[in-house]
Each structure stands twice: as structure tokens, then as C-alpha cells.
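Let me begin by presenting the structure, written as C-alpha cells, before commenting on it.
The values are calculated or read from the model by the stated rules, or taken from the named source; none is laboratory data. Remember, predicted model here, so these are calculated numbers, not experimental data. Here Cβ is always computed from backbone atoms with ideal geometry, including for glycine, and neighbour counts include all displayed protein chains. Ligands, DNA and RNA are stripped out before the accessible areas are found, and what is left, the full protein with its side chains, is counted by its heavy atoms. Shrake-Rupley method; radii C 1.70, N 1.55, O 1.52, S 1.80 Å.
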Amino acid sequence: MQAIRFHQFGGPEVLQLDTVDDPMPGPGEVLIAVKASGVNPVDTYIRSGTYGPRPLPFTPGLDPAGVIEAVGEGVTALFVGQRVYAAGVKTGAYAEKCLAEAALTFPLPNSLSFEQAAGINVPYATAYRALIGRAQTRAGERVLVHGASGGVGIATCQLARSLGMQVTGTASTAEGRELILREGAHTALDHTQEGYLENQSFDVILEMLANVNLARDLTALNRFGRVVVIGNRGSIEINPRETMSRDAAILGMTLFNVPPDELAGIHAALYAGLENGTLRPVVGSTFPLTEAAAAQVAVMQPGKLGKVVLVV
Ligand code: NAP
């Protein structure tokens, strides 16, 4: 099969198309014929080496969507030919085939395309974990999705709106703000405008770029407010007094820390929303597998309008 691999850490140019052996599913695993593969910012951090060592050569990709081609010993809940997406890849998803844990492979509602399904796992599980697991947001609370036009942001807007929260999202472009209003935000702000958070207050802030926004976030929190740090690309100085005066909490999160049984529960909750249409991944741009390097450049560009997806 064909797979994108890098043989050394570096820029997008280290990604190359290689011919490799087909993987074989072991006990409790499934082999997925990948039709689409989500591109996430974390793929670029792994490629550049900032996420620590990986066995080289390495195939990136955490978000496959496709059709089950073979099942390993003991797999009874899934069948060959089934349309699925996976949350527990054992081999990278930027490939024609990948292995996944059967317990973390989930059927796809018929209404979703493979391209959309490649935008479920990391974005929606992160949104759910941040909004519900970490911030314990309740219906009626005011939520700021700080960076709402990308994969995680759109997922968070849809989820928060469907759960009865008051949702404000931010995006840098007019198209981005239109998109997030369509996808669940009651209000949209421009995070490039001076003073855009003045006179705003929130119970919960889901933060996509904490190194830029955390200090300002704290001043926009209500008493007992919570900020969940989802994304961060550097350091920042904050005034801890802003947390004292509000009894506020700064909560970190990493999807990789969610235990497998809890992850399965998150995907059960997501399935309900995907099935009834309240959760609908938005595909911003698609690239063929051979253009994985261009896709990884695109995922780090500003002006987000949904997910970047590889079509296999
Ligand atoms: P994405 O699709 O690239 O979207 C990035 C979002 O951040 C866009 O909405 C973008 O808006 C916005 N943004 C850019 N500059 C901003 C600013 N100054 N203030 C607020 N928002 C700003 O990325 P994603 O997949 O949604 O992921 C978002 C972040 O979370 C990334 O850093 C990613 O690495 C991280 N993440 C973490 C976890 C975890 O487990 N903790 C899981 C998934 C993702 P514009 O393009 O309009 O500027």
C-alpha cells in the first residue's frame, strides 16, 4: 500500500509517499481501508519533533475514516465492509490502510461522508472533553469558544449550542464569523480587533491559543469561571490575582490523557449528535494523499473555515 512517512523530523518537506507492506490486524484490531484522513495541528508538531521521539520512519494521522477490510481475532462487534471512523489508531492514518483498536472504532451514520467523518475524532472528542469533562459546563452558562472557526472550535460551537449554552465564538475573517454563526454560535467576535472582549463576560472559555489570550481570558471570566487550555504555542505572563478575585480555575487538557473507557463514552455521546444532525463536521479544504505536505502547511494557516482533510 501507499503511505505518507517521514524518515527524519523537520518541515513539511520531510513528508514523502512510500510503498510499504499492508498491516495485518492482530487480536482486538481492525484493518481500515482509509477513504479520508483528518489533518490536525498536532500532526505538524509530531513531524517537527516537538512532541518527542517517535519510531522512524513514521506515518502521521490520528483520524481515519473508511471501510473495514479485515478484523482481528476476537472482534465481533464490527464487520468487514462497515463504514467507520477510529479514535485509537495503531498505525498512521495518512495511508491507504491503517490499523485501529476495535474498541475505539465506531460506525458512521449514513448521513456523513468519509471527508466529514475524518473530522470527528480529535476535534469532537476534544470539544466534548473540554466542555463537559473539564469545565463541567451547564445549560444556560455563557461560553466563549476562543478560536471557533477551526476543527475543535466548530465542534465546540455545535456541541455547546445543542446543550443549551449561550455561545460566543471568535474568528479572524468575516467568512469565519459567518460560518461559526451558522454552526451554533449566538454571537461572533473578531480576535484580531482591538478591545474585542471589552464588556464581555463568560462562565467558561475554551481557549485555542492560550499563549496569546490567557491573561485577557482571566479578566473576562465571571465568578467561578473556568478557562480550559486546549491549544498553546508558547508562554505568557498572567496575573494570578485575576483567578483569586473570581474563584476561577485554569484547566489544562490533552486528549491523549483520556482513559480508553471514558473515550468510548465520549464517542457514544458524539454518535447521538452525529446521528440526529446536531453535530456535523465542516470540511474546509481537501487534498489528495500525495499532497500531505501542502495539507500540513494549510492546517497551520490563519483564516480557518473548518477541517483540512486528506482524500485517499
Ligand atoms: P485549527 O483548525 O487550525 O483552528 C485554529 C483556530 O484558532 C481557528 O479558529 C483560528 O481562527 C483560531 N485562532 C487563530 N489565532 C487566534 C487568536 N489569536 N485567538 C483565538 N483564536 C485564534 O486547529 P484545531 O484543530 O481547531 O485546534 C486548535 C488548537 O487546539 C491547536 O493549537 C491544536 O494543536 C490544539 N488542540 C489541542 C488538543 C488537546 O488535546 N489539548 C486537541 C486538539 C487540538 P482564525 O483562523 O480565524 O484566526
Percentage relative contact order, the stretch 123-255, counting C-alpha pairs under 8 Å, at least six apart:
23
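Using Cα-Cα distances under 8 Å and only pairs 6 or more residues apart, what relative contact order does the chain have, in percent?
Working: 743 pairs, mean separation 58.0, N = 312.
Reported relative contact order: 19 percent.
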Collect residues whose amide H, placed 1.01 Å from N in the peptide plane, falls under 5 Å from the amide H of Val312; neighbours closer than 5 in sequence don't count.
Ala36, Ser37
Can you work out ³J(HN,Hα) from phi for every residue in the stretch 222-231, in order, using Karplus 6.51 cos²θ - 1.76 cosθ + 1.60 and θ = phi - 60°, giving whole Hz and x for Gly and Pro?
6, 4, 6, x, 9, 10, 9, 7, 9, x
So what's the net charge close to Tyr196: Lys and Arg +1, Asp and Glu -1, counting the other residues with Cβ under 15 Å from its Cβ?
-3
Tell me what the chain gives for mean residue ellipticity at 222 nm when only DSSP H runs of n ≥ 4 count, each as -39,500 (n - 2.57), the sum divided by the residue total, rounded to 500 deg cm²/dmol.
-7000 deg cm²/dmol
Ignoring ligands and nucleic acids, what accessible area does Phe287 show with a 1.4 Å probe (Å², nearest 10)?
40
Within the chain: Cβ-based charge dipole about Cα centre, in debye rounded to nearest 20 (Lys, Arg +1; Asp, Glu -1):
540
Note, ³J(HN,Hα) from phi for the stretch 15-25, Karplus 6.51, -1.76, 1.60, rounded to Hz, x at Gly and Pro
6, 9, 8, 10, 9, 9, 5, 5, x, 10, x
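Just subtract the alpha-carbon distance of Arg246 and Leu17 from 0.36 nm times their residue separation and send over the number in nm, one decimal.
Net length gain for the segment: 77.2 nm.
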At 18 Å minimum axial length over the Cα atoms and a Kyte-Doolittle cut of -0.5, report the qualifying DSSP H helices in the chain, or say none.
260-276
Provide the packing ranking of 125-131, 101-107, i.e. peptides ordered by the mean count of other C-beta atoms within 10 Å per residue, highest first.
125-131, 101-107
Quick calc, Ser48 & Asn239: beta-carbon distance into FRET formula, R0 41 Å, rounding 0.05, result 0.80
Once amide hydrogens are built 1.01 Å from N within the peptide plane, the residues lying 5 or more places from Arg226 or on another chain with amide H under 5 Å from its amide H are Val204, Ile205, Ala249
Counting DSSP beta bridges with both partners in the chain, what percentage is antiparallel, nearest 5?
55
What figure, in Å² to the nearest 10, do you get for the accessible area of Glu242 with a 1.4 Å probe and non-protein molecules left out?
50
Dipole of the stretch 123-255, Cα-centred, from +1 at each Lys and Arg C-beta and -1 at each Asp and Glu C-beta, to the nearest 20 debye?
420
The local net charge around Leu310, scoring Lys/Arg +1 and Asp/Glu -1 for residues other than Leu310 whose Cβ lies under 13 Å from its Cβ, equals -3
So, R0 is 51 Å and r is the distance between the beta-carbons of Asn199 and Thr290; what FRET efficiency does that work out to, to 0.05?
0.55
For Lys304, list the aspartates and glutamates whose Cα falls under 13 Å from its own Cα; do not include residues on the same chain fewer than 8 positions away.
Glu175, Glu178, Asp190
Amide H within-cut-off set for Lys307, under 5 Å, with H built and near neighbours excluded
Val282, Val283, Gly284, Ser285
